[in-house]
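One structure is given here, and the rest of the page talks about it.
The values are calculated or read from the model by the stated rules, or taken from the named source; none is laboratory data. Just so we're clear, the structure is a prediction, and the values are computed from it rather than from any experiment. Note: ideal-geometry Cβ built from the backbone for every residue, glycine included; neighbour counts use all protein chains shown.
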Amino acid sequence: MALPMNCVLQGTSRLPAFSTDGEYIIGGVFSIHYKELTKIHNYTTVPEPPTCTGSINSRELRFCRAMIFAIEEINNSTELLPGIRLGYQIHDSCASVPMSMHVALQLSNGQDPVFQTGNNCSKSGLVMGVIGESGSTPSISISRIFGPFNIPLVSHFATCACLSDKREYPTFFRTIPSDHYQANAMAKLVKHFGWSWIGAIHSDSDYGRNGMASFLEAAHREGICVEYIESFYRTDPYKIRIVADVIRRSTSVVVVAFTAAGDMKFLLEELNHNHPPPRQWIGSEGWVTDRQLMRFSFCAGAIGVAIQQSVIPGFGDFLLNLSPSKVAASSVLTEFWEDVFSCSWTKSASSKKKLCQGTEDLKKIKVPYTEMSTFRITNMVYKAVYAIAHAIHNAVCYKTNFTIHCKKQTKLDLIQTFTELKKVNFTRNGYHVSFDANGDPVAAYDVVNWQISDSGIIEPVNVGYYDASLPKGQEFHINRNLSWFDGGSQVPVSVCSKSCAPGTRKVLQKGKPICCYDCIPCAEGEISNMTDSLECIPCSKEFWPNAGNDECFPKQVEFLSFDDLLSVILAAFSVSGACMAIITTVVFFHYRTTPIVRANNSELSFLLLFSLTLCFLCSLTFIGAPSEWSCVLRHTAFGITFVLCISCVLGKTIVVLMAFKATLPGNNTMKWFGPPQQRLTVAGVTFIQVIICTIWLVVSPPFPMKNLHTYKEKIILECALGSAVGFWAVLGYIGLLAVFCFVLAALARKLPDNFNEAKLITFSMLIFCAVWITFIPAYVSSPGKYTVAVEIFAILSSSFGLMLCIFAPKCFIILYQPEKNTKKHLMNKY
């Protein structure tokens, strides 16, 4: 049978900084001193208990006093734990992880030399819950120790998102939001002001590393680029100098600092040594509300997220009303009093300090302890105490009618406190307290801006808020003007590359973050109508970019309109030619009985003049916006009128040849080419062209179309040929007749000039053929409306050639040389 064993406390217990007895004890762990006294152990004697050194952190002292104030307030309450007195044991961790672990083990074990008898030492100490720590790293160490014993740890200032992992830290709770939300808030803050190029520094601790990791993830989602990421810790001066040099050399104006206040103090001191660089600081709640850091004037304009301001009724008086007896009864308060007033409670020969009188007034001292304007983290301590008290209340108290009864001297198991703590849900001083499944509260922050007051000192001013419980996109809001690091009213610019204006697109610079890019103009036919566009969008087929390449406008529509100067000129020539043909017709009709008119086949001459009039006028159908009827009319009218014209010329040429052959003895050819045969020839030749045009119109007629290919920036309205074969068949037939007529006229050119017009027809056909031969390459190569202009020019040129070559000499003789317009003159032979 095994002998019963006693659990005996080894070593000497370390006394708490503040303590009082009660039915239920609440522990507290705060970094009252800045560091632990380093001791060298010789391993020949029992090590002494660890002790703290350095000056007192008056901010942490205020946290301790807030815990004491809350417990005293609860002890005086008739609603919460009535008749039950809470006690407390508040320990100083010296901002040291080893000291925090030592305190955690002591709170777990208790202070009795023999605290358990029996076969095992599984019984823990007396604390029902612990408030603390102010940092994430010591809170992680403490929580790992408390976890197996089900001791709840409620932190007021440990924000590392890693502590939300209930598998690792099952008994950890906190009244301050997780850094997961703080990181999101800071990223949205940076994005809100348009900063895409920033520097990032963080404490080389769990708080800094995890907080910065969350921030970088959120910044990546917001499209923010980070120029550098540097970490440091207060105990490494060399690394602090390196970080300071990186900040000085950087091109980014904005620096995001996810650091603890103690670390930030050393970095700002290093930067202050040698012309601190002008930077816009973005701070985490770990340091942005620390008034001791606001003495660095180059940080004016800093912005950050902070725990919401709050009101704790009566707490201000509690802080300031420290009686001499209270100060003398506590070594911590004594040290604090001597430090802030530069006096000593005891007379010492080696001390140059004056004696403390006890009449010194804390209200005249400006230290974080006496700061009454805002309670931020202090309220988190206050709420943490009330959370544990409510958990104990729910475990030992019950309500009957309107009376609350609590079981005094009840042996309360820690698992009960832990279970009830997860379910607490109350409101104190207007502030709600509850925990989610991860032991986290609802995240809400103030946005704080360091502004210079009228007295010339930097003051933190609330300029907005961030509430994670609001709908997406509405969480962040700025409601006041801000002060910037340069003292200006304009938001500082911190970008790697300036924004690309509309009309350009971003092209990333090789080997650099996505925020570093070049702006290149959009390609031809493309636009970008947004700033910092990644791609240019092509305009639709009938649209074209403006000069700035930021908007698509309908393309300019081009056709040979009647408003164009070129159209006016061509129309004038067309009408002039038609009038000339009509005048010539009138002259010929008036002198129809004269020999020169009769000798040149007046009937064909009148028909030729009629066809020339149509030729001149058909060129007008090529001017104006193409339509279905104009496209059909212009090509068919052109083809038929020109064939009619050339068939008349052909008839006159044949008549000349037949006339001279008929004069030979025994030749009776002329009777086969009299007026009926001439009419039939003209009609037959023209009818063939009519058939060609009809087939063309039936199979694939010309139609109006929008030419989008000749010019990229404008639309050409033109008549598509429909069937290219039909078009070239019409032209080919005209050309064939012209060549045939030219050959016949060339054969008759040596006949006596007074008896025929073969030479004039030959020259006119030569001009006609030359015009249409040169028309083909000019027509194919001319762009847009000039294609139509070339076609009109060819029609007019060939028409004027026929008109002037055939009829001008005759009109000249009729009107100005009437003596030659006689039968005698015409019959005269050389």
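Just a few scattered comments:
- Candidate set: segment 369-412, residues that are among the hydroxyl-bearing types (Ser, Thr, Tyr), surrounded by fewer than 19 Cβ atoms within 10 Å (Cβ to Cβ) and in contact with a helix residue (DSSP H, G or I) (Cβ under 9 Å, 6 or more places away or on another chain); chosen: the one modelled with the lowest pLDDT: THR410
- Restricting segment 321-364 to residues that are over 60 Å from the mean Cα position of the chain (by Cα) and among the β-branched types (Val, Ile, Thr), the residue that is surrounded by the fewest Cβ atoms within 10 Å (Cβ to Cβ) is THR359.
- One residue stands out in segment 280-326 among those that are of a type in the set (S, T, N, Q) and part of a helix (DSSP H, G or I): the one that is farthest from GLU133 (Cα to Cα), namely SER297.
- Exactly one residue out of GLY301, GLY223, GLY314 is at pLDDT below 95, on the phi > 0 side of the Ramachandran plot and touching a Phe, Trp or Tyr at 6+ places or on another chain (Cβ under 6 Å): that is GLY301.
- Scanning segment 692-743 for residues that are over 14 Å from THR787 (Cβ atoms) and among the aromatic types (Phe, Trp, Tyr) yields TRP696, PHE703, TRP728, TYR733, PHE740, PHE742.
- Looking only at segment 804-830, and only at residues there that are modelled with pLDDT under 75 and not charged (D, E, K, R), the one that is surrounded by the most Cβ atoms within 10 Å (Cβ to Cβ): ASN821
- Inside segment 131-149, residues that are charged (D, E, K, R) and in a helix (DSSP H, G or I) make up a count of 1.
Conditions tested, residue by residue: (1) touching a residue at least 40 places away in the same chain (Cβ under 8 Å); (2) of a type in the set (A, V, I, L, M, F, W, C).
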{"residue": "ILE176", "(1), (2)": "yes, yes"}
{"residue": "SER214", "(1), (2)": "yes, no"}
{"residue": "GLU227", "(1), (2)": "yes, no"}
{"residue": "TYR238", "(1), (2)": "no, no"}
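- Residue match in segment 751-766 (condition: modelled with pLDDT of 75 or more, touching a helix residue (DSSP H, G or I) at 6+ places or on another chain (Cβ under 9 Å), in a helix (DSSP H, G or I) and farther than 22 Å from PHE616 by Cβ): yes
- Taking the criterion of being among the hydrophobic types (A, V, I, L, M, F, W, C) and crowded, with 16+ Cβ neighbours inside 10 Å, the residues of segment 453-463 that qualify are ILE458, VAL461, VAL463.
- Selection of segment 289-299 for residues being crowded, with 19+ Cβ neighbours inside 10 Å and either acidic (Asp, Glu) or within 35 Å of the chain's Cα centre (by Cα) (or both) yields THR289, ASP290, CYS299.
- Some residue of segment 437-446 being at pLDDT 85 or above, more than 30 Å from ALA389 (Cα to Cα) and outside the structural domain of ARG221 (by TED's automatic domain parsing): no
- Residues within segment 311-320 that are touching a strand residue (DSSP E or B) at 6+ places or on another chain (Cβ under 8 Å) and buried (at least 18 other Cβ atoms within 10 Å of the Cβ), tallied: 2
- In segment 413-450, the qualifying residues are those that are surrounded by fewer than 18 Cβ atoms within 10 Å (Cβ to Cβ) and either among the hydrophobic types (A, V, I, L, M, F, W, C) or within 39 Å of the chain's Cα centre (by Cα) (or both), and the one that is nearest to SER489 (Cα to Cα) is VAL442.
- CYS500 fulfils the conditions (1) in contact (Cβ under 8 Å) with a residue 40 or more places away in the chain; (2) surrounded by 13 or more Cβ atoms within 10 Å (Cβ to Cβ); (3) farther than 21 Å from VAL305 by Cβ except for a single criterion, (1).
- Test: residue in segment 779-793 that is modelled with pLDDT of 80 or more, in a helix (DSSP H, G or I) and either among the small types (Gly, Ala, Ser) or on the phi > 0 side of the Ramachandran plot (or both): yes
- Test: residue in segment 470-477 that is farther than 19 Å from ASP532 by Cα and surrounded by 15 or more Cβ atoms within 10 Å (Cβ to Cβ): yes
- Boolean, TYR711 is touching a residue at least 60 places away in the same chain (Cβ under 8 Å) and out of contact with any helix residue (DSSP H, G or I) (no Cβ under 9 Å at 6 or more places or on another chain): yes
- Filtered by the rule that a residue be exposed (fewer than 13 other Cβ atoms within 10 Å of the Cβ) and not hydroxyl-bearing (Ser, Thr, Tyr), segment 531-545 gives GLU535, LYS541, GLU542.
For (1) in contact with a strand residue (DSSP E or B) (Cβ under 7 Å, 6 or more places away or on another chain); (2) surrounded by fewer than 21 Cβ atoms within 10 Å (Cβ to Cβ); (3) of a type outside the set (A, V, I, L, M, F, W, C); (4) assigned to a loop (DSSP other than H, G, I, E, B), each residue gets a yes or a no:
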| position | (1), (2), (3), (4) |
| --- | --- |
| GLY208 | yes, no, yes, no |
| ALA213 | no, yes, no, no |
| LEU216 | yes, yes, no, no |
| HIS220 | no, yes, yes, no |
| TYR238 | no, yes, yes, no |
| ALA244 | no, no, no, no |
| ARG248 | no, yes, yes, no |
| THR251 | yes, yes, yes, yes |
| LYS265 | no, yes, yes, no |
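- Any hit, segment 186-200, residues being within 29 Å of THR235 (Cβ to Cβ), surrounded by fewer than 24 Cβ atoms within 10 Å (Cβ to Cβ) and of a type in the set (A, V, I, L, M): yes
- Scanning segment 466-492 for residues that are in contact with an Asp or Glu (Cβ under 6 Å, 6 or more places away or on another chain) and either over 19 Å from SER310 (Cα atoms) or hydroxyl-bearing (Ser, Thr, Tyr) (or both) returns TYR466, GLU475.
- Of all residues in segment 340-364, those satisfying the criterion of being out of contact with any strand residue (DSSP E or B) (no Cβ under 6 Å at 6 or more places or on another chain), touching a residue at least 12 places away in the same chain (Cβ under 8 Å) and either assigned by TED's automatic domain parsing to the domain that holds ARG62 or not hydrophobic (A, V, I, L, M, F, W, C) (or both) are SER342, SER344, GLN357, GLY358, GLU360, LYS363.
- Top-ranked residue of segment 451-462 - restricted to ones that are more than 32 Å from the chain's Cα centre (by Cα) and β-branched (Val, Ile, Thr), ranked as farthest from ASP486 (Cα to Cα): ILE457
- Segment 520-530, residues that are within 11 Å of THR504 (Cβ to Cβ), surrounded by 16 or more Cβ atoms within 10 Å (Cβ to Cβ) and in contact (Cβ under 8 Å) with a residue 24 or more places away in the chain: CYS522, ILE527, SER528
- Leading residue by the ranking (farthest from LEU80 (Cα to Cα)) among those in segment 435-446 that are out of contact with any helix residue (DSSP H, G or I) (no Cβ under 7 Å at 6 or more places or on another chain) and either in a strand (DSSP E or B) or of a type in the set (Asp, Glu) (or both): ASP446
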